[in-house]
Amino acid sequence: MIDIKTMTILIVDDMKSMRLTLRKMLRNLEIGKELLFADNGKSGLNVLKNSSCDLVIVDWNMPGMNGSRMLANMRRDKDMRDIPVIMVTAENERDIVADAAEYEVEGYLLKPLTLDALDSKIKSVVEAVNHPEKAKLHLFEARACEEAGNIEGAIDETRRALSLKPNASRILRKLGLLYLQTKKAEIGEKCLQKAVAVNRQDTISRNHLAKLYINKRAFKQAAQVYMEILSFSTSYFDSAVQLGETLLINEFRNEARTLFLRILSKSRFNRVLQERIINIYLDNQEYEFAVEIVTDAIKNNPSNLDLLYKAGTVYLETGDQEKAMECFVTVDRKRHGDIKTKFQIARIHLNNKRILLADDYLNRILRIDPSNKEALEMRRQI
């Protein structure tokens, strides 16, 4: 049993002012005897590994490891998975934390915090932990059965929990995953579909469902599921990109393009993701969409020299040496010591038999690196 007045609380927030504010509020409410502090999710996990805590209050938006990732790590650890968590988030972050809710966060607090809201939320969370509902007890039994290798017993206990809460997406998902372990894929799929139907923001069930479709090679269905996931969460970019590549390889070009456009619209300033998608199209010799991506990316990030260089390489692949040259010259003007860009310009001049211009850029390279073997070899070819 957790005692409100004597419990230990971990506060995780990257802002010192917020940590101090929460400490003052808890002292005023006479909640908690010992307060521990961490400035991000990773350090918060370290505190939990070395200290016994009754409650965690964690901010969603933190550098390094945010609150959602910390919560996911806690739920995977047997020693800390049952510690109740209250997530603190701004009003405009509600859409971002949709996936965090699926890791069974016990409560949310919206900024700016008030004494009444903090008091009410902590008391309701502690009450639920001290007096768990019957469905929760069945789920604890199901977990124990599963960990002991008794999957049928886990299914029975999960079904009992579901009978008490028939529209709980988490319970439906758990039942579906248990059936998948027993090779009853059809029943497992139906459970996951129902989980999604009763909770449209259940991204975790959708992700499991998409993987099931991929295993069945039902790629179009998987793509549709990921399109839905990306409407709620930005946590599944890697899986969505992998599926997009699979669609492209299997010649579902329209579906791949639609999925990649959705990914790009949700990650407009993620240069690494943009380059990854561009490379997928180049590797598959699908140049048209690669050009479309870099053209759009340059419009939104005209000062990004890495992106401009990448655009130049894409234009080269498509045979548009004029546009490639524009990109490389712009990069070269702003990166005077960039040898690889000077090589690209020299090669284009050489390919177009502009010998003097090619030689000029090779001389620039050799002034930076007099022993550069590639430049010396290229000069011998002139």
Which of (1) part of a helix (DSSP H, G or I); (2) open to solvent by 30 Å² or more (accessible area, probe 1.4 Å); (3) over 16 Å from ASP238 (Cα atoms) is the odd one out, the single condition ILE293 does not satisfy? (2)
Of residues in segment 334-353 being over 40 Å from the mean Cα position of the chain (by Cα) and open to solvent by 90 Å² or more (accessible area, probe 1.4 Å), the one nearest to ASN304 (Cα to Cα): ASN351
The residue that is nearest to the chain's Cα centre (by Cα), considering only those in segment 215-226 that are surrounded by fewer than 18 Cβ atoms within 10 Å (Cβ to Cβ) and part of a helix (DSSP H, G or I), is GLN224
Can you name the condition, by its number, that SER163 falls short on among (1) under 27 Å from the mean Cα position of the chain (by Cα); (2) polar (S, T, N, Q); (3) part of a helix (DSSP H, G or I)? (1)
Looking only at helices (runs of 4 or more DSSP H) that lie completely in segment 16-116, which have at least 3 residues being small (Gly, Ala, Ser) and at pLDDT 90 or above? 41-50
Can you confirm whether segment 318-333 contains a residue that is within 33 Å of the chain's Cα centre (by Cα), of a type in the set (D, E, K, R), open to solvent by 30 Å² or more (accessible area, probe 1.4 Å) and at negative phi? no
Note down all Cβ pairs under 8 Å where the first residue falls in segment 256-273 and is surrounded by 14 or more Cβ atoms within 10 Å (Cβ to Cβ), the second is not in a helix (DSSP H, G or I), and they're at least six residues apart or on different chains. LYS266/THR234; SER267/THR234; ARG271/ASN301; ARG271/ASN304; LEU273/SER267
Can you confirm whether ILE345 is at pLDDT below 90, in a helix (DSSP H, G or I) and on the phi < 0 side of the Ramachandran plot? no
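So that you can scan it fast, the table gives a plain yes or no per residue for (1) within 20 Å of SER120 (Cβ to Cβ); (2) open to solvent by less than 40 Å² (accessible area, probe 1.4 Å); (3) of a type in the set (Ser, Thr, Tyr); (4) touching a Leu at 6+ places or on another chain (Cβ under 9 Å):
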| residue | (1), (2), (3), (4) |
| --- | --- |
| LEU22 | yes, yes, no, yes |
| MET25 | yes, yes, no, yes |
| SER43 | no, yes, yes, no |
| LYS49 | no, no, no, no |
| SER52 | no, no, yes, no |
| LEU55 | yes, yes, no, yes |
| TRP60 | yes, yes, no, no |
Go through the residues of segment 318-326 one by one and say whether even a single one is within 30 Å of GLY244 (Cα to Cα), assigned to a helix (DSSP H, G or I) and touching a residue at least 24 places away in the same chain (Cβ under 8 Å). yes
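Per-residue answers, yes or no, for (1) surrounded by 20 or more Cβ atoms within 10 Å (Cβ to Cβ); (2) in contact with a His (Cβ under 9 Å, 6 or more places away or on another chain); (3) not hydrophobic (A, V, I, L, M, F, W, C):
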position	(1), (2), (3)
GLU104	no, no, yes
LEU113	no, no, no
ASP116	no, no, yes
LYS121	no, no, yes
PRO132	no, no, yes
ARG159	no, yes, yes
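The values are calculated or read from the model by the stated rules, or taken from the named source; none is laboratory data. Bear in mind that the values here come from a model prediction, so they are computed numbers and not experimental data. Cβ: placed from backbone, ideal geometry, glycine included. Neighbour counts: every protein chain shown. To get the accessible areas, we keep the full protein, side chains included, count just its heavy atoms, and leave off ligands, DNA and RNA. Shrake-Rupley method; radii C 1.70, N 1.55, O 1.52, S 1.80 Å.
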